[in-house]
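The values are calculated or read from the model by the stated rules, or taken from the named source; none is laboratory data. Being a predicted model, the structure only gives us computed values, none of them experimental. All Cβ positions, even for glycine, are placed from backbone atoms using ideal geometry, and neighbour counts span all protein chains on display.
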Amino acid sequence: MTVVTPGYVKTNIAVNALAGDASVRGHSDDDTESGLSTSDAATIIFDGLAAGKREIPVARGPIAEALKLKLHDPDRLFDVMSAQGAMVALTER
């Protein structure tokens, strides 16, 4: 078994997502738009499968670093994400 842990991949997933009222969102977001191309993501996955990897992280930049932190210090990742969530909550008030 192989687990693929994706970061942002430039697809239409955000465009096709449903809003709370079940309407189609209809637009993407900066994170998805700056994500890996689908061909780059497919290459990473294929290469990982060919190498027999048990987990294949498909990400770059801060998301890739977060995936590494998840493996090596999951409690620290939880603390970092919790702090970021608190900051977002404060700015959205």
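Report the residue count in segment 6-40 for those that are farther than 27 Å from E65 by Cα, assigned to a loop (DSSP other than H, G, I, E, B) and of a type in the set (A, V, I, L, M).
Of the residues in that region, 2 qualify.
List pairs: first residue in segment 16-42 and farther than 25 Å from A59 by Cβ, second residue among the polar types (S, T, N, Q) and assigned to a helix (DSSP H, G or I) anywhere in the structure, Cβ distance under 7 angstrom, at least six positions apart or on different chains.
V24/N16
Say whether the condition of being loosely packed, with under 14 Cβ neighbours inside 10 Å, part of a helix (DSSP H, G or I) and touching a Pro at 6+ places or on another chain (Cβ under 8 Å) is met by at least one residue in segment 62-84.
Yes, there is a match, as at least one residue in segment 62-84 is loosely packed, with under 14 Cβ neighbours inside 10 Å, part of a helix (DSSP H, G or I) and touching a Pro at 6+ places or on another chain (Cβ under 8 Å).
Exactly one condition in (1) in contact with a strand residue (DSSP E or B) (Cβ under 9 Å, 6 or more places away or on another chain); (2) assigned to a helix (DSSP H, G or I); (3) surrounded by 14 or more Cβ atoms within 10 Å (Cβ to Cβ) is not met by D47; state its number.
(3)
What single numbered condition from (1) surrounded by 13 or more Cβ atoms within 10 Å (Cβ to Cβ); (2) charged (D, E, K, R); (3) in the same structural domain as M1 (by TED's automatic domain parsing) fails to hold for R54?
(1)
Would you confirm, using the coordinates I've provided, whether L67 is under 22 Å from M1 (Cα atoms), touching a strand residue (DSSP E or B) at 6+ places or on another chain (Cβ under 6 Å) and not assigned by TED's automatic domain parsing to the domain that holds V3?
Values: under 22 Å from M1 (Cα atoms): yes; touching a strand residue (DSSP E or B) at 6+ places or on another chain (Cβ under 6 Å): yes; not assigned by TED's automatic domain parsing to the domain that holds V3: yes.
It is true that L67 is under 22 Å from M1 (Cα atoms), touching a strand residue (DSSP E or B) at 6+ places or on another chain (Cβ under 6 Å) and not assigned by TED's automatic domain parsing to the domain that holds V3.
Out of S23, S28, report the one residue that is at pLDDT below 95, of a type in the set (S, T, Y) and surrounded by 12 or more Cβ atoms within 10 Å (Cβ to Cβ).
Numbers: S23 fails: surrounded by 12 or more Cβ atoms within 10 Å (Cβ to Cβ).
Exactly one residue qualifies, and that residue is S28.
Have a look at L36, L18, L49 and point out the one that is at pLDDT 90 or above and in contact with a Ser or Thr (Cβ under 7 Å, 6 or more places away or on another chain).
L49
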